[in-house]
């Protein structure tokens, strides 16, 4: 009876990736049927294959190089699946060091602000004055007086962004990052006070949170840890004492869910069109929101 019970327990246990035993997965290679995690999945004509089967060939008589390995979302499999995440973290840290070196001048020139004067006799500045670049540059700025701001953002970018980049591929990951960040900036510009400055990578990172949730749902992973982490972040976002631009977080999250859904659920025959078409649609919404707010302020 004990052996039977043990066998029944093993039969119902979630399988683990054959290359990463610490990762549970419900997906198997369509050729050898070994369990594979998102990092090991290579998109095939039907389902996904493991790296070993891809190296061995397609099974159709073609050479292994006849078709390039693809990620779950159709991106190219690369030697370093976290390269862009590392670059984004490096750019954010470099800009932060520049802020510390130059002082408020750099921050005031590139942070997101609707319409305001920084000095009594200075010019009126902001997005409403044609400085639309602030919607983008503010995504790479952080509060120079609050080191925890950039610390938590960069840790979140590493933990969430790395696996997501491996699952989507570089081009799709970068499109998701900027679409989410710009959506967060646009919603902040639309709803926040015009003279209230906003800066940080949080909008883009919340977009990565949203896309990660969609991906985990697609792979039948347990969403409870991610939902718990997201709830904690949203509580912090709306807590009065932290003075956080909640608009950036919500805008980035919504855009991330929309783009992430398109990335992992697009039909194979129209995958590229659906994926980048959704990104273009998000950017169109960003443009509309920006023009509406500019009209209101001018």
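The values are calculated or read from the model by the stated rules, or taken from the named source; none is laboratory data. Given the structure is predicted, the values throughout are model-derived calculations rather than measurements. For neighbour counting, all protein chains shown are included, and Cβ atoms are generated from backbone atoms with ideal geometry for every residue, glycine included.
Which one of these is crowded, with 23+ Cβ neighbours inside 10 Å, assigned to a helix (DSSP H, G or I) and either over 13 Å from the mean Cα position of the chain (by Cα) or at negative phi (or both): 273, 253?
253
Condition first: surrounded by fewer than 14 Cβ atoms within 10 Å (Cβ to Cβ) and farther than 16 Å from residue 173 by Cα. Now tell me which residues in segment 64-90 satisfy that.
64, 65, 66, 68, 90
Across segment 1-28, what is the number of residues that are under 16 Å from residue 167 (Cβ atoms) and at pLDDT 85 or above?
Residues in segment 1-28 being under 16 Å from residue 167 (Cβ atoms) and at pLDDT 85 or above: 3 in total.
Go through (1) within 16 Å of residue 243 (Cβ to Cβ); (2) in contact with a strand residue (DSSP E or B) (Cβ under 8 Å, 6 or more places away or on another chain) for residue 196 and report which single condition fails.
(2)
Does residue 200 qualify as being at positive phi and at pLDDT below 95?
It is true that residue 200 is at positive phi and at pLDDT below 95.
Out of segment 29-52, which residues are in contact with a helix residue (DSSP H, G or I) (Cβ under 7 Å, 6 or more places away or on another chain), part of a strand (DSSP E or B) and either more than 18 Å from residue 76 (Cα to Cα) or modelled with pLDDT under 65 (or both)?
none
Taking segment 178-220 as the region of interest, how many residues are over 18 Å from the mean Cα position of the chain (by Cα) and surrounded by fewer than 24 Cβ atoms within 10 Å (Cβ to Cβ)?
Counting residues in segment 178-220 that are over 18 Å from the mean Cα position of the chain (by Cα) and surrounded by fewer than 24 Cβ atoms within 10 Å (Cβ to Cβ) gives 10.
Could you list, in sequence order, the residues of segment 84-130 that are in a strand (DSSP E or B) and touching a helix residue (DSSP H, G or I) at 6+ places or on another chain (Cβ under 7 Å)?
If the condition is that a residue be in a strand (DSSP E or B) and touching a helix residue (DSSP H, G or I) at 6+ places or on another chain (Cβ under 7 Å), then 112 is the only one that fits.
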